[in-house]
Each structure stands twice: as C-alpha cells, then as structure tokens.
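Report on the following structure.
The values are calculated or read from the model by the stated rules, or taken from the named source; none is laboratory data. In this text, all values refer to a predicted model and were calculated from it rather than measured experimentally. Ideal geometry is used to build each Cβ from the backbone, glycine not excepted, and the neighbour counts take in all protein chains shown.
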Amino acid sequence: MSISEDSLIETGQIIGTHGLRGDLKVRPLSGDPGPLLQAEEFVLRLPGGQLQKVTPQRQALHKGIVLLRLSGFESLTDVEGLKGCRILLDKTLFPVLENDEFYWHQIQGSLVVDRQLGDIGRLASMFTTAAHDTWVVEGSAGEIMIPVVAEFVVSIDTEKKVIQVDLPEGLVEVDL
C-alpha cells in the first residue's frame with residue numbers, strides 16, 4: 001500500500017531515545033505538540049526517504065519534547081536507527097486556522113525580506129519562548145533570530161512564500 005505525501009504534514013523530528021524500552025524523543029516542528037500527542041497513526045520518513053506507517057503505543061509531553069513509544073518497537077536496539085527521522089501526520093488532524101494564523105509547513109523556507117535591508121534569508125526553523133515564537137532565518141548575514149511579534153512582521157504570503165518584516169536597527173549585523 002503506497003502512502004500519498006500530498007495528504008501529509010511534516011510535524012516532528014526524532015531527536016533521540018529515552019530510556020531502555022524504545023521510547024523516542026520527538027521535537028515538534030511548531031509550537032503546538034497537540035497533534036503529536038493525539039494522533040492514532042504516524043508516518044515516518046526513514047533515512048532513505050521511504051515512508052512507513054506506525055502506530056503509537058504511548059505519547060506524553062516532557063519538558064517541551066514529545067516522548068513516543070511505537071507499537072512493534074520494544075527496545076532501544078529497535079529504535080536507535082530512527083534518530084533524525086521526520087514524523088508526518090495526516091492534514092485532516094489539523095484544525096482550520098484564522099486568516100492571520102499559519103501552519104509551519106506553510107511558511108517554512110519562505111524568503112524573508114526586510115523593509116530596509118531587502119532579502120535577509122530563508123526561514124529555516126522556529127522555537128517557542130514564554131513570551132512569543134522566534135523565527136530563525138539563515139542568509140548571507142548568518143543566522144538571524146526574529147521575534148514573531150506584530151511590530152516586526154508586516155505581512156506573510158503563503159502562496160509566494162514571502163515574509164515581509166520591518167526589523168529594528170541593530171537586529172541584523174551588516175558589513176559595510
């Protein structure tokens with residue numbers, strides 16, 4: 001049975017193991033671990049790119065990381081090769097968002113353009129703090145961390161994959 005990638009969203013990455021019973025540590029790719037905690041089926045993107053359906057036996061949140069035990073993977077030896085694998089979930093598990101809200105897969109890789117500096121790079125990753133989300137943009141000026149707040153984010157075009165920002169002076173170091 002083939003798996004259609006068109007109906008899937010990349011939602012997490014296996015970053016390691018936990019304990020001796022084959023539990024996996026999964027980093028959510030967005031600030032919301034909810035879908036990873038509620039899904040009744042996952043698809044793993046294996047190191048060679050193949051997709052494999054798996055069923056969770058246990059899911060729990062621990063210090064911002066999802067601990068996941070998969071049926072059929074009973075020991076540390078069974079799961080050691082899964083480190084680095086991506087976890088994909090069916091799109092139907094995600095609720096429809098408001099107009100000013102976006103899923104990570106819709107903006108990941110977007111070109112980030114500052115009003116003063118122009119193209120500053122591509123949106124590479126995101127992390128969540130107590131105050132707000134923070135985008136990590138990689139470009140010619142290196143890694144730039146942008147707080148996702150209304151004062152800095154001007155517009156997001158998910159169709160063109162372009163994010164307009166207006167950053168304060170000094171946030172991006174520019175060699176003159």
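See the values below:
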read-out	value
Subset of segment 136-154 (residues that are without any contact (Cβ under 8 Å) to a residue 24 or more places away in the chain and either surrounded by 13 or more Cβ atoms within 10 Å (Cβ to Cβ) or within 22 Å of Asp32 (Cα to Cα) (or both))	Val136, Glu138, Met145, Pro147, Val148, Val149, Ala150, Phe152, Val153
Subset tally (residues that are under 20 Å from Thr55 (Cβ atoms) and among the polar types (S, T, N, Q)) for segment 74-108	3
Selection count where residues are within 15 Å of Gln108 (Cα to Cα) and small (Gly, Ala, Ser), scope segment 126-154	1
Among residues of segment 155-176, those that are aliphatic (A, V, I, L, M) and either surrounded by fewer than 14 Cβ atoms within 10 Å (Cβ to Cβ) or over 19 Å from Ile107 (Cα atoms) (or both), counted	4
Check on Val79, in the same structural domain as Ser30 (by TED's automatic domain parsing) and either buried (at least 16 other Cβ atoms within 10 Å of the Cβ) or touching a residue at least 60 places away in the same chain (Cβ under 8 Å) (or both)	yes
Given (1) in a loop (DSSP other than H, G, I, E, B); (2) β-branched (Val, Ile, Thr); (3) over 27 Å from Ile65 (Cβ atoms), number of the condition Val154 does not satisfy	(1)
